[in-house]
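Okay, so here's the structure we're looking at.
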Amino acid sequence: MRSLIFVSLVLTLFASCGEAEPRRPVEVKTGSFFKESIERNKELLEQEEKAIQRIIDNDTLHEYVHSSSGSWYYYETKNDEAVYTPRPDDLVTMTYELMSFDNDTIYSGEEIGIVKYKVDKQELFPGLRNSVKLLKEGETAVFLFPSSLAYGYHGDNNKIGINVPLKARLTLLEIERNEDVTE
């Protein structure tokens, strides 16, 4: 009897020692979320670019320039005598204000105050970070940013909501060149 129990126990052990079966995922990801997100962002950018184009078409007083980073701007004050534009590590003193495309002030220049910004070394939203490098000392320009160059899908957790395109008036007061950089 003991040998029968022993044999059946051994057979049971051998039968249960098969290969481990991998667990199947509860949810299978197909990548469709990312594809849909990309499509939504393309449509949003297209709508915002149409809104920017309408603003440009309706503004016959100014000549707009398209930047390589994707914003549009015009000069309110141009300094034709200066030639130097800020480079990384330069210290820039500037003022700016942020508005909606309907010209409603979101953050006034007084609210923001005078800003000292080390080029490419401190946080600014992408559009403003790129715009600083386009102006020369003493120049003022108005920039139109699609939401992807503004605060994007996150907003600023205060006055600027999700996917809000912005208009910014930027004045470069002073550029302090970084002497460590050789030309």
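The values are calculated or read from the model by the stated rules, or taken from the named source; none is laboratory data. This one's a predicted model, so the numbers in the text were calculated from it and none came from an experiment. Positions of Cβ are backbone-derived with ideal geometry, glycine not excepted, and every protein chain shown enters the neighbour counts.
Condition check ((1) touching a His at 6+ places or on another chain (Cβ under 9 Å); (2) on the phi < 0 side of the Ramachandran plot) across all residues:
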residue: GLU21; (1), (2): no, yes
residue: VAL26; (1), (2): no, yes
residue: GLY31; (1), (2): no, no
residue: ILE56; (1), (2): yes, yes
residue: THR60; (1), (2): no, yes
residue: GLY70; (1), (2): no, no
residue: GLU76; (1), (2): yes, yes
residue: PRO88; (1), (2): no, yes
residue: VAL92; (1), (2): no, yes
Exercise for the section: Answer yes or no: is there a residue in the range 106-123 that is part of a loop (DSSP other than H, G, I, E, B), of a type in the set (Asp, Glu), closer than 29 Å to ASP59 by Cα and without any contact (Cβ under 8 Å) to a residue 60 or more places away in the chain. Expected result: no
Exercise for the section: Identify all residues within the range 22-38 that are of a type outside the set (A, V, I, L, M, F, W, C) and at pLDDT 70 or above; write none if there are none. Expected result: PRO22, ARG23, ARG24, GLY31, SER32, LYS35, GLU36, SER37
Problem - Output for the range 93-105, where each listed residue is in a strand (DSSP E or B) and touching a residue at least 12 places away in the same chain (Cβ under 8 Å) - result: THR93, MET94, THR95, TYR96, GLU97, LEU98, MET99
Practice task
Those residues that are exposed (fewer than 12 other Cβ atoms within 10 Å of the Cβ), farther than 18 Å from LEU170 by Cα and more than 22 Å from the chain's Cα centre (by Cα), I need them from the range 38-63; list them, please.
Solution key: ARG54, ASP57, ASN58, THR60, LEU61
Fill in the blank from the handout: Within the range 127-160, residues within 29 Å of LEU61 (Cβ to Cβ) and assigned to a loop (DSSP other than H, G, I, E, B) come out as LYS133, LEU134, LEU135, LYS136, GLU137, GLY138, GLU139, PRO146, ALA150, TYR151, LYS159, ILE160
Exercise for the section: With the checklist (1) farther than 28 Å from GLU43 by Cβ; (2) buried (at least 20 other Cβ atoms within 10 Å of the Cβ) in hand, flag the one item GLU139 doesn't pass. Expected result: (2)
Practice task
Within the range 64-92, count every residue that is among the acidic types (Asp, Glu) and either touching a residue at least 12 places away in the same chain (Cβ under 8 Å) or surrounded by 15 or more Cβ atoms within 10 Å (Cβ to Cβ) (or both).
Solution key: 3
Practice task
Of the numbered conditions (1) touching a Ser or Thr at 6+ places or on another chain (Cβ under 7 Å); (2) closer than 27 Å to LEU61 by Cα, GLU174 fails exactly one; give the number of that condition.
Solution key: (2)
Fill in the blank from the handout: The residue from PHE145, PHE125 that alone is aromatic (Phe, Trp, Tyr), at pLDDT 95 or above and surrounded by 15 or more Cβ atoms within 10 Å (Cβ to Cβ) is PHE145
Completion exercise
SER148: passes all of (1) within 15 Å of SER71 (Cβ to Cβ); (2) of a type in the set (Ser, Thr, Tyr); (3) without any contact (Cβ under 8 Å) to a residue 60 or more places away in the chain but (3)
